[in-house]
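Colleague: Got a structure for you, written out below as structure tokens; questions coming shortly.
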Amino acid sequence: MRGSGTARALSYLWGPEEGLSRLLVLLALFLFVVVPLGASASPGRPVVVAIDAILCLTAVSGALTVGSSRRRATLVASLAVGAFLLRFLEPDVGTLLHAASAFLFALVFLALAALLLGRVIRQGPVTRHRIEGAVATYLVLALVTASLHDAVVAVDPDAVRSPDGAPATGADLLYLSLVTLTTIGYGDLVPVNPWSRALSAAAGLVGQLYPAILIARLVSLELTQRTEKGGRS
């Protein structure tokens, strides 16, 4: 994986702090442009595989670039390869292989969130890029819960109830994760499986505490530093 040209190209996201802002833009484009376009256009399997590959490589490039140890970087790379191969072999929902793939993707995204958070809270002055990195971590957490929902739905297709009674798609589950994490909760998608309900409850709790505790604290520190800098000048 270290020799992968794509992984090396993505590693620039993890160099200077500006990379945190680039990651936020990348994630926002994926969540709010690529996924809706894909859901409306019903893209073929190559498009889905390409999206999964980019997300996995982003996590792997982060682990290889800023990972605290080679062992952890190897673990993230192994999880990403395993998740990608399982999804490539069995993309259809409703199978145990798909459930295993979704669970591995959740672990990969969780590793990505941990890498981002480590970059955000490391020692040094709080900057706008770190705040944007914290927002990017928030979006990655939506990918974590969406993947876990996907694993549950693969085992129990009726775990999430939709208005028309159709099985929830990957785009539906990502939407459910986002509206739950942001505590909007429109109620058009309803988790009925105990595991899906537990995931939604956890996402709602994180969605309230994370912005209030971490992002608000970072913004406060950045404003304080700016005021102190202005006073000294």
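Colleague: Within the range 99-135, which residues are among the aromatic types (Phe, Trp, Tyr) and either open to solvent by 40 Å² or more (accessible area, probe 1.4 Å) or on the phi > 0 side of the Ramachandran plot (or both)?
Modeller: Quick first cut of the range 99-135, residues among the aromatic types (Phe, Trp, Tyr) only: 103, 105, 109.
Within the range 99-135, PHE103 is the sole residue that qualifies.
Colleague: Just to be sure, is ASP172 part of a helix (DSSP H, G or I) and either surrounded by 15 or more Cβ atoms within 10 Å (Cβ to Cβ) or modelled with pLDDT of 90 or more (or both)?
Modeller: On the way: part of a helix (DSSP H, G or I): yes; either surrounded by 15 or more Cβ atoms within 10 Å (Cβ to Cβ) or modelled with pLDDT of 90 or more (or both): yes.
Taking the combined requirement at face value, the residue satisfies it.
Colleague: Looking at (1) in contact (Cβ under 8 Å) with a residue 40 or more places away in the chain; (2) within 16 Å of the chain's Cα centre (by Cα), which one does THR180 not meet, given that it meets all the others?
Modeller: (1)
Colleague: Inspect the range 136-156 for any residue being more than 19 Å from ILE54 (Cβ to Cβ) and within 11 Å of the chain's Cα centre (by Cα) and give the result as yes or no. Step through it out loud before you land on a result.
Modeller: First, the residues of the range 136-156 that are more than 19 Å from ILE54 (Cβ to Cβ): 138, 145, 148-149, 151-156.
Okay, now just the ones that are also within 11 Å of the chain's Cα centre (by Cα), so 138, 145.
Yes: the range 136-156 contains one or more residues that are more than 19 Å from ILE54 (Cβ to Cβ) and within 11 Å of the chain's Cα centre (by Cα).
Colleague: Count, please, the residues in the range 183-206 that happen to be more than 19 Å from PHE103 (Cα to Cα) and touching a residue at least 40 places away in the same chain (Cβ under 8 Å).
Modeller: Residues meeting the conditions: 1.
The values are calculated or read from the model by the stated rules, or taken from the named source; none is laboratory data. Bear in mind that the values here come from a model prediction, so they are computed numbers and not experimental data. Quick reminder, even Gly has a Cβ in these numbers, built from the backbone with ideal geometry, and neighbours come from all protein chains shown. Areas reflect the complete protein model, heavy atoms only, side chains present, ligands, DNA and RNA absent. Shrake-Rupley method; radii C 1.70, N 1.55, O 1.52, S 1.80 Å.
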